[in-house]
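For reference, the structure discussed in these notes is given below.
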Amino acid sequence: MSYNVQFFGNFRLLAPDDEDLTPSSSRHRALLALIASSEDLRRSRRWLEDHLWSTRGSKQASGSFREALRVLRKDLGRHSEILIANRSEVWLDSTMVTTDLDPKSSGRTANRQFLEGLDVPDPQFDEWLRDMRAQYDHKIAPQQDSVEPLPHLVKPAAGILVRSRVGRIDTRAEGMAAQLIADYIATNFEDWFGSWLQSNQLAPNDSSADLEVSCDMAQDGGVCVVHVTVGHIASGRILYSGYRKFRGAPLEALDQELFAGLIHAAASKVSANLPAFIGVDRPESVAAGFAHFGKQRLLRFDPESMEEAYGFMSQARQAHEHGVFVAWQAFIRMAQLVDSFCDDREGKTEDLKDLSAQALELSGDNALSIALVAIARNMGQIDSAGCAALAERAMKLNPMNLFARQAMALVHSNAGDIQSAYLLSKSCQNLLPEDESRHLWDLYHALVCIAAGKNPEALISAERASVRCTEFIAPRRQLLGLYLNENRIEDAKIQFDLLNKKESGFSLDRFLNDPAYPVDTLRKRGLVHQDLEGIFS
């Protein structure tokens, strides 16, 4: 009995007892495929780095390769003995591993493409894959008497399949606008949990899709109403329903900032329900469920919940290797650093740097991943110049992504373009639904308002954030400075006492004199005064 690597159809690694050992990460599957495709099941480390991380520098590529090898061995668990490495090469034990590359292999599946559905964003891997398919695919002998033809549609190897449609409309203009809105919302699900939009050319009753986004549009007295629903096709259940209205013609909807809030609310609601409706046998569904639990814990902003949040995001990543879950891990590390929830600050800072690099590597074209990394690096005071480039990239990819808009607002604020920062942050406030993350956005807006000198508005946002989440330390720091500026001494003393109680290592000296203490926006506006010592002595 031996381990078997299957290349034709979906890549698989099977143990002698047929236990499926296939990695969930596409890059880890690609790494095994590159090794197992060689004649002696052996490749040099440098060759593998060049084919999976060709766009990175040598040092970064080596680091990414070492991390991938470590995770791969961990995932193989008790079977890791089949994967061997030294300083120059990596190989599979040829006495224990067979593949279906041999034309006589009994395990080869007829009429299946070489490494179907395996997609890794690297030009060298793409070139290698094209060459291998050209070499092998024409050799597959069809067995028309014993194998049924493939169906018209093959689902992606990973991802939730979404279709979009137009609901109730009265005019062609409404139909065009409604279809564009439905498509836009459906494609934006990719940012959150890795979905695929099905072509509208397929029959509307095709049952292969998982979810359906429907958009209705109607006009009455110059007011246009847009209604969006997201349904689970198999059960007929509605997972999300929301609407927006505006004055103007239907196609003007495409120029209105109506849908950022709809997208945010729809994606949040749908991702929370995916495991229940799509099922726990789909890794991307399981990952969305873990990520939802992680975000719930994160938004509590207490030390124990932060660690639980990080653990849930790790489980999401293990279930389905998607950069957005790694970006959330980086975001959580930033939150722990900013809220002083960690003893090992140096280690957490290194985690933040490594995780943000991994997130960009895995999902460099995902607006949410890029925006989360930009915010994490910005708030964590890491590479401010790089944060600006990331925020700009996220905005180009998806200007309606609320995290992208907030990342850009923070960048504008840091650069001194206060008016642009304020307008972007205000737009997020106007577009946000009343959801469980509202206190986070209120904090961001308070910071931008402080930088813009709009202290009364900053005070309202910071107070709202602290009321919505009593364990949230960051807005209380801003409130301390804002209350003192308003000469509200008793309110300031309440915040001072709460910080003393809730924040490990807090002291008046840190607040006044430690440049690393996260009240930089207050300092720049002159809201941290040395004469505070008399008030709190």
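The values are calculated or read from the model by the stated rules, or taken from the named source; none is laboratory data. The structure presented is a predicted model; accordingly, all values stated were derived computationally and were not measured. All Cβ positions, glycine included, derive from the backbone under ideal geometry; neighbour counts span all protein chains shown. The accessibility values were calculated without ligands, DNA or RNA, using every heavy atom of the protein model including side chains. Shrake-Rupley method; radii C 1.70, N 1.55, O 1.52, S 1.80 Å.
Once you reduce the range 221-264 and the range 341-378 to the center of their Cα atoms, the two points are 33 Å from each other.
Considering only H320, S369, I382, whose Cα is most displaced toward the positive end of the charge dipole of the range 310-400, charges sitting on Cβ of Lys, Arg (+1) and Asp, Glu (-1)? Farthest along the dipole direction, towards plus: S369.
Computed with every protein chain present, the accessible area of K524 is close to 140 Å² [probe 1.4 Å]. In this simple spin-label model, placing a label point 7 Å from the Cα along the Cα-to-Cβ direction at both T171 and E19 gives a separation of 6.4 nm.
Taking the Cα centre of the range 1-63 as origin and charging only Cβ (+1 Lys, Arg; -1 Asp, Glu), how large is the dipole, in debye to the nearest 20?
Details: 9 positive and 8 negative charges, 105 e Å.
So the dipole magnitude of the range 1-63 works out to roughly 500 debye.
For the pair the range 290-305 / the range 411-428, the C-alpha centres are spaced 28 Å from each other.
Rolling a 1.4 angstrom probe over the protein heavy atoms with all chains in place gives the chain an accessible area of 45 Å² per residue. The charge dipole of the chain, taken about the Cα centre with unit charges on the Cβ atoms of Lys, Arg (+1) and Asp, Glu (-1), comes to about 500 debye, rounded to the nearest 20.
Mean silhouette area of the range 270-325, derived from the convex hull of its C-alpha atoms and averaged over all directions, reads 3.5 nm². May I ask for the angle, rounded to the nearest 10°, between helix 489-502 and the longest principal axis of the chain, with both axes built from Cα atoms and the value confined to 0 to 90°? With both axes taken from Cα atoms, the answer is about 30 degrees. Using a probe radius of 1.4 angstrom, the carbon and sulfur fraction of the accessible surface of the range 358-507 is 50%.
First select every other residue whose beta carbon is under 15 angstrom from the beta carbon of A458; then total the charges, Lys and Arg +1, Asp and Glu -1.
Numbers: positive: K426, K454, R464, R476, R477, R488, R523, K524, R525; negative: D442, E457, E463, E486, D491, D520.
Overall, the nearby charge balance is +3.
Of all aspartates and glutamates in the structure, those lying under 12 Å Cα to Cα from K502, and not within fewer than 8 positions of it along the same chain, are D302, D339, E471. Accessible surface ranking for M313, M96, 1.4 angstrom probe, highest first: M96, M313. Can you check what the net charge comes to around H232, using other residues whose Cβ is under 11 Å from the Cβ of H232 (Lys, Arg +1; Asp, Glu -1)? Summing Lys/Arg as +1 and Asp/Glu as -1 gives -1.
Summing charges over neighbours of L368, with a neighbour being any other residue whose Cβ is under 10 Å away from its Cβ, gives -2 when K and R count +1 and D and E count -1. Rounded to the nearest 500, the 222 nm mean residue ellipticity of the chain from helices alone is -17000 deg cm²/dmol, with -39,500 (n - 2.57) taken per DSSP H run of at least 4 residues. Straight-distance candidates among the lysines for linking to K269, with alpha-carbon spacing under 20 Å and chain neighbours fewer than 8 residues away dropped: K295. Label reach from Q296 (point 7 Å along Cα→C-beta): in the range 247-278, amide nitrogens under 13 Å belong to 269, 271-276. Label separation (S54 vs K524): 4.2 nm, computed from points 7 Å beyond Cα along the C-beta direction. Computed from label points 7 Å out along Cα-Cβ, the spacing between D417 and L180 is 2.5 nm. For L239, the residues whose modelled amide H falls within less than 5 Å of its own, excluding neighbours fewer than 5 places apart on the same chain, are V230, G231, H232.
Here the extension length gained between L251 and R70 equals 60.0 nm, from 0.36 nm per residue of separation less the Cα-Cα distance. Around the amide H of E89, modelled in the peptide plane, lie the amide H atoms of R45, all under 5 Å away and 5 or more residues distant in sequence or on another chain.
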